[in-house]
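Below: the structure, in structure tokens.
The values are calculated or read from the model by the stated rules, or taken from the named source; none is laboratory data. Keep in mind it's a predicted model, so treat the numbers as computed, not measured. Backbone-built Cβ (ideal geometry, glycine too); neighbour counts: all protein chains shown.
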There are 2 protein chains.
Amino acid sequence: MNIDMIEAAAGRLAGWVRRTPLLSSPFLDRIAGRRVLVKPECLQHTGSFKFRGGWSAVSALPEDVRSRGVIAFSSGNHAQGVAHAAQEHGVPAVIIMPADAPKLKIENTRAYGAEVVLYDRATEDRDEIGARLSEKRGLTLIKPFDEPQVIAGQGTTGLEIAEQAAEMGVSKADVLVCCGGGGLISGIALALEAKAPGLRARPVEPEGFDDAARSLAAGQIVSNERMTGSLCDAIVTPHPGELTFPIMQRLCGPGIAVSDDDALRAMAQAFTRLKVVIEPGGAVALAAALFQPEAIQGDTVIVVATGGNVDAPVFRMALERFADG
Amino acid sequence: MNIDMIEAAAGRLAGWVRRTPLLSSPFLDRIAGRRVLVKPECLQHTGSFKFRGGWSAVSALPEDVRSRGVIAFSSGNHAQGVAHAAQEHGVPAVIIMPADAPKLKIENTRAYGAEVVLYDRATEDRDEIGARLSEKRGLTLIKPFDEPQVIAGQGTTGLEIAEQAAEMGVSKADVLVCCGGGGLISGIALALEAKAPGLRARPVEPEGFDDAARSLAAGQIVSNERMTGSLCDAIVTPHPGELTFPIMQRLCGPGIAVSDDDALRAMAQAFTRLKVVIEPGGAVALAAALFQPEAIQGDTVIVVATGGNVDAPVFRMALERFADG
């Protein structure tokens with residue numbers, strides 16, 4: 001993994017990815033006690049940064065391999081990112097999802113042109129199903145984070161941050177990134193190392209699911225004790241990846257953990273002050289910036305709001321509990 | 001009013017205004033039966049396009065006049081746009097608001113650095129109060145739409161649309177604009193006339209408050225019969241302006257009127273598919289694109305989502321009634 005791969009991915013994404021802006025509000029600055037710049041990847045195609053990695057991986061395949069199609073395991077943002085990228089390339093995508101996934105997510109993934117294969121979590125082995133389909137149809141597996149071309153695609157977010165921060169005169173800041181398996185933050189960290197060495201990426205996770213923070217502190221990969229029970233389920237993974245962790249270890253600052261309530265509070269602030277919709281897992285970085293200012297260094301903090309695919313009832317609850325007025 | 005004034009305003013706004021993107025979603029295209037491109041001015045500073053006009057007007061004043069300060073009558077988006085523009089120029093702003101305006105709007109306007117002067121709608125004359133303050137302190141009145149430099153500032157939205165449409169290969173389309181007094185649409189229409197003559201601006205208004213549509217149809221300025229009773233109150237004005245109407249008459253296509261329910265439906269779609277927050281008055285253009293496709297011409301429609309300053313209870317209601325899933 002290196003900056004050349006990220007720049008090559010940026011070349012393949014040009015004209016297809018949305019260059020998300022850096023948003024701000026004097027009201028958020030006041031809460032945080034410093035300038036807060038928010039990169040709303042919720043505005044990305046398919047509603048999350050995952051489209052970048054999906055596009056990067058699909059576009060990097062040799063033509064004859066790509067034309068046979070791709071396959072992914074996901075019930076969430078990675079599924080939609082890969083499906084839409086494959087659709088725009090005109091190649092088949094098979095997405096393997098648990099049969100009890102929310103109906104709307106299944107429908108959305110199908111609407112992006114993917115063939116959705118459902119399996120029973122209790123009785124079936126998804127890896128076995130995936131391996132069988134891949135072999136039979138020659139599909140290429142696109143892993144969600146521990147995959148070089150996916151990391152390279154996510155890293156294009158970091159190239160944009162480096163350019164936008166420079167335009168705004170920001171040369172030194174913490175860059176808070178909502179973190180699951182670490183594909184996004186390791187890509188961003190590599191981009192910043194090359195293009196904006198004064199910017200330091202730091203992972204933000206849900207309380208109780210802060211495997212990245214604890215792994216960084218321990219100097220080795222440690223796992224979460226459980227996988228369920230967080231409202232921020234989109235970014236809960238067992239542990240950092242084999243590829244992503246060494247990059248994080250070399251380049252990232254310490255992690256921060258955020259409560260579910262603070263994630264909801266941050267969603268309400270993003271609604272009131274930025275006019276963007278963020279999902280709970282996509283709000284933890286903003287929550288850290290707003291509500292844990294003592295954990296952050298510098299006059300400016302940059303926040304990546306990673307996704308906006310939240311169900312309406314959860315969003316309504318965030319507003320009901322935490323929106324002003 | 002001409003394109004030179006709009007380009008001069010764009011020069012003064014450069015580096016201060018946010019260049020909002022053009023968003024899209026295959027799901028919205030499917031509902032509308034054509035490609036839908038949405039310019040989310042809700043992401044603009046202060047949450048609406050009004051910041052453009054406010055900045056343009058404040059920045060156009062001679063230094064010695066500007067330093068004495070500006071004054072505006074508004075309880076809404078114009079107030080915040082003018083207040084923030086004045087604050088960033090380091091000059092005083094006085095905003096005259098009815099004493100029964102929502103507390104949050106008063107607080108927000110103050111937070112943008114303005115001095116808010118409240119008046120009693122029943123017993124006091126706001127024009128008299130404004131005239132007295134202006135004379136005593138040498139403040140310059142910034143009118144909300146019938147003011148050349150305000151129209152020029154709003155017109156910068158049209159310059160961006162012309163450039164962005166060209167980048168996307170769109171040379172012919174209806175451009176639907178949420179319309180109150182007509183400052184935004186007349187500015188956009190002038191910009192499109194010069195830069196993208198295949199794009200045609202068309203006003204969209206709430207049903208029962210479609211003074212612009214009826215004025216265009218009648219060939220003369222006609223008024224709304226009432227001023228209250230629409231959820232889209234931010235864009236309800238008595239009638240088109242003296243300056244704006246002749247421009248609209250020369251350049252705009254026919255108007256479209258939208259029900260409150262369709263505005264709420266469009267807000268829910270913007271939440272689910274675009275991840276942006278739109279206020280009811282800022283959603284009527286998207287509502288027309290999605291739910292009145294027969295009123296529109298061409299393969300592509302461009303929509304300006306003018307603002308996002310909606311109270312949480314109204315937004316929750318839109319989601320509760322109309323969001324999927």
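What's the total number of residues in segment B:1-17 that are free of Cβ contacts under 8 Å to residues at least 60 places away in the same chain and surrounded by fewer than 17 Cβ atoms within 10 Å (Cβ to Cβ)?
4
Residues to consider are B:260, B:233; find the one that is more than 21 Å from residue B:104 (Cβ to Cβ) and more than 14 Å from every other protein chain (Cβ to nearest Cβ).
Selected residue: B:260, the only one of B:260, B:233 that is more than 21 Å from residue B:104 (Cβ to Cβ) and more than 14 Å from every other protein chain (Cβ to nearest Cβ).
For segment B:222-243, give me the residue count where each residue is of a type in the set (Val, Ile, Thr) and either farther than 26 Å from residue B:302 by Cα or not in a loop (DSSP other than H, G, I, E, B) (or both).
Of the residues in segment B:222-243, 3 are of a type in the set (Val, Ile, Thr) and either farther than 26 Å from residue B:302 by Cα or not in a loop (DSSP other than H, G, I, E, B) (or both).
Do we have residue A:106 as assigned by TED's automatic domain parsing to the domain that holds residue A:40, under 22 Å from residue A:49 (Cβ atoms) and of a type outside the set (Phe, Trp, Tyr) here?
Details: assigned by TED's automatic domain parsing to the domain that holds residue A:40: no; under 22 Å from residue A:49 (Cβ atoms): yes; of a type outside the set (Phe, Trp, Tyr): yes.
No: the conditions fail for residue A:106.
Tell me the residue from A:23, A:13, A:43, A:104 that is touching an Asp or Glu at 6+ places or on another chain (Cβ under 7 Å) and within 26 Å of residue A:270 (Cβ to Cβ), please.
Of A:23, A:13, A:43, A:104, the one residue that is touching an Asp or Glu at 6+ places or on another chain (Cβ under 7 Å) and within 26 Å of residue A:270 (Cβ to Cβ) is A:104.
Results for (1) on the phi < 0 side of the Ramachandran plot; (2) in the same structural domain as residue B:191 (by TED's automatic domain parsing), shown as yes or no for each residue.
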{"residue": "B:7", "(1), (2)": "yes, yes"}
{"residue": "B:15", "(1), (2)": "no, yes"}
{"residue": "B:22", "(1), (2)": "yes, yes"}
{"residue": "B:25", "(1), (2)": "yes, yes"}
{"residue": "B:29", "(1), (2)": "yes, yes"}
{"residue": "B:32", "(1), (2)": "yes, yes"}
{"residue": "B:41", "(1), (2)": "yes, yes"}
{"residue": "B:44", "(1), (2)": "yes, yes"}
{"residue": "B:57", "(1), (2)": "yes, no"}
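Taking interchain pairs and intrachain pairs at least six residues apart, which have beta carbon atoms under 7 angstrom, with the first residue in segment A:250-266 and more than 25 Å from residue A:193 (Cβ to Cβ) and the second among the charged types (D, E, K, R)?
From residues that are more than 25 Å from residue A:193 (Cβ to Cβ), the pairs are A:258/A:207; A:259/A:207; A:264/A:321.
Residue check: is residue B:81 of a type in the set (Gly, Ala, Ser), touching a strand residue (DSSP E or B) at 6+ places or on another chain (Cβ under 8 Å) and modelled with pLDDT of 95 or more?
The answer is yes for residue B:81.
For segment B:289-308, how many residues meet the condition of being outside any helix (DSSP H, G or I) and either more than 8 Å from chain A (Cβ to nearest Cβ) or at pLDDT below 95 (or both)?
Summing the residues that are outside any helix (DSSP H, G or I) and either more than 8 Å from chain A (Cβ to nearest Cβ) or at pLDDT below 95 (or both) in segment B:289-308 gives 13.
Given (1) more than 12 Å from chain A (Cβ to nearest Cβ); (2) over 25 Å from residue B:269 (Cα atoms); (3) surrounded by fewer than 19 Cβ atoms within 10 Å (Cβ to Cβ); (4) out of contact with any strand residue (DSSP E or B) (no Cβ under 8 Å at 6 or more places or on another chain), identify the lone condition not met by residue B:99.
It is condition (4) that residue B:99 fails.
Here's a check for you: in segment B:108-144, which residue that is among the polar types (S, T, N, Q) and part of a helix (DSSP H, G or I) is nearest to residue B:64 (Cα to Cα)?
Filtering segment B:108-144 down to residues among the polar types (S, T, N, Q) leaves B:108-109, B:123, B:134, B:140.
When the remaining residues are screened for being part of a helix (DSSP H, G or I), the result is B:108-109, B:134.
Details: B:108: 28, B:109: 24, B:134: 15 Å.
Across segment B:108-144, the extreme among qualifying residues is B:134.
Would you point out which residue out of B:244, B:228 is polar (S, T, N, Q) and surrounded by 24 or more Cβ atoms within 10 Å (Cβ to Cβ)? Give the derivation first.
Numbers: B:228 fails: surrounded by 24 or more Cβ atoms within 10 Å (Cβ to Cβ).
Within the list B:244, B:228, the selection yields B:244.
Could you say which residue among A:48, A:24 is within 14 Å of chain B (Cβ to nearest Cβ), modelled with pLDDT of 95 or more and in contact with a Cys (Cβ under 9 Å, 6 or more places away or on another chain)?
None of the other options fit; the residue is A:48.
Which members of segment A:268-288 meet the condition of being part of a helix (DSSP H, G or I) and either within 7 Å of another protein chain (Cβ to nearest Cβ) or acidic (Asp, Glu) (or both)?
A:271
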